[in-house]
Amino acid sequence: RAVGRGRSPRWIEPASGTGRYLLEAARQGVEGVGFDVSAPMVKYARARAARRSPARRPRFFLADMRDFDAGRRLGKFDFAFNPINTIRHLSSDAAMRQHLAAMARVLHPHGVYAVGVSLCAYGAEAPTEDVWQGERGAVRVVQVVQYIPPTGGRGEASRAERVFSHLTVTGRGEERHVDSSYALRGYNLDQWTGLVRRAGWAIDGATDSHGEPATPREPGYFVFLLRPPTG
């Protein structure tokens, strides 16, 4: 949507990680702000932005998705984005409502929040696995990630998708192995759209992972275009 004449668009990314999206947006003249709960991620993103020196260097700060605007004068943003299930790190409906309330405070009334969510089909999904590889100089990293889908039974634990990561790092004559795990909160279509609407937001539409208009279904990954409350 259009912004004021002569004003650069302002974007904000919750849980911005390494800041790669905002760095690319900055090259297109976007004024970007990102935040993350991980201090090492924020430090890395700041250093990366300083090295690459885009036309409009994005700003990064340390904060939680639930109350990132507390005590800060962030101004208003035209666009916010939260891709690839990052929002599902919020572990309860209450935490999600807190986050959406904070987002509503910083978005312009005309603003849009694009949120990427994999919808769950409880009881119909099998465990899956991804393998990622990357190299820089003499260092090579291989990541194997396993996803254990939520069961959708009774209790909060049944809404948790378990994610297990194993990193193998080789180079400079040594090999390291790093294991980690975390949970992502599960949502089927009714749970997700119901929570968003109860929080006062409207759903303007959805796209698939390629940005094409799509009708959400379970299971599947979709980017929902959310409009903040107007009152």
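The values are calculated or read from the model by the stated rules, or taken from the named source; none is laboratory data. Worth saying up front: this structure is predicted, and the values here are computed from it rather than measured. Reconstructed Cβ throughout: ideal geometry from the backbone, glycine too, with neighbour counts over all protein chains shown. To get the accessible areas, we keep the full protein, side chains included, count just its heavy atoms, and leave off ligands, DNA and RNA. Shrake-Rupley method; radii C 1.70, N 1.55, O 1.52, S 1.80 Å.
With a cut-off of 15 Å on the backbone N, the residues of the range 117-158 near the modelled label site 7 Å out from HIS177 along Cα-Cβ are 142-145. When the chain is treated as a Gaussian network with alpha carbon springs shorter than 10 Å, the biggest mean-square fluctuation among ARG217, ARG176, ARG105 belongs to ARG176. With contacts taken as Cα pairs under 8 Å at a separation of at least 6 residues, the range 126-193 carries a relative contact order of 26 percent.
Keeping the other protein chains in place, figure out the carbon and sulfur percent of the accessible area of the range 29-162, with a 1.4 Å probe.
On the way: 3750 of 7120 Å².
The C+S portion of the solvent-accessible surface of the range 29-162 is 53 percent.
Averaging 1/r across all pairs of distinct Cα atoms in the range 1-122 and inverting the result yields a Kirkwood radius of 14.8 Å.
Each Lys and Arg Cβ is given +1 and each Asp and Glu Cβ -1; about its Cα centre, the range 1-111 then shows a dipole of about 540 debye. Here the translational diffusion coefficient of the range 60-193 follows from Stokes-Einstein with Rh set to the Kirkwood radius across Cα pairs; for 37 °C and 0.692 mPa s it amounts to 189 µm²/s.
Express as a percent, rounded to the nearest 5, the fraction of DSSP beta bridges in the chain (both residues included) that run antiparallel.
Working: 43 of 58 bridges.
Looking only at bridges with both residues in the chain, the antiparallel portion is about 75 percent.
If only the Cβ of Lys and Arg carry +1 and only the Cβ of Asp and Glu carry -1, the dipole of the chain around its Cα centre is close to 1280 debye. Summed over qualifying helices (DSSP H, 4 residues or more, each -39500 (n - 2.57)) and divided by its residue number, the chain shows a 222 nm mean residue ellipticity of -6000 deg cm²/dmol.
VAL37 sits with roughly 110 Å² accessible to a 1.4 Å probe, with DNA, RNA and ligands left out of the calculation. Distance between the 7 Å Cα→Cβ label points at SER92 and GLN143: 2.9 nm. For the chain, the solvent-accessible area with a 1.4 angstrom probe is 55 square angstrom per residue.
Take every Cα pair under 8 Å whose residues are at least 6 apart in sequence, average their separation, divide by the length of the chain, and the relative contact order is 17 percent.
Take 86-93, 19-26 and order them by the average number of nearby Cβ atoms within 10 Å per residue, most first; the result is 19-26, 86-93.
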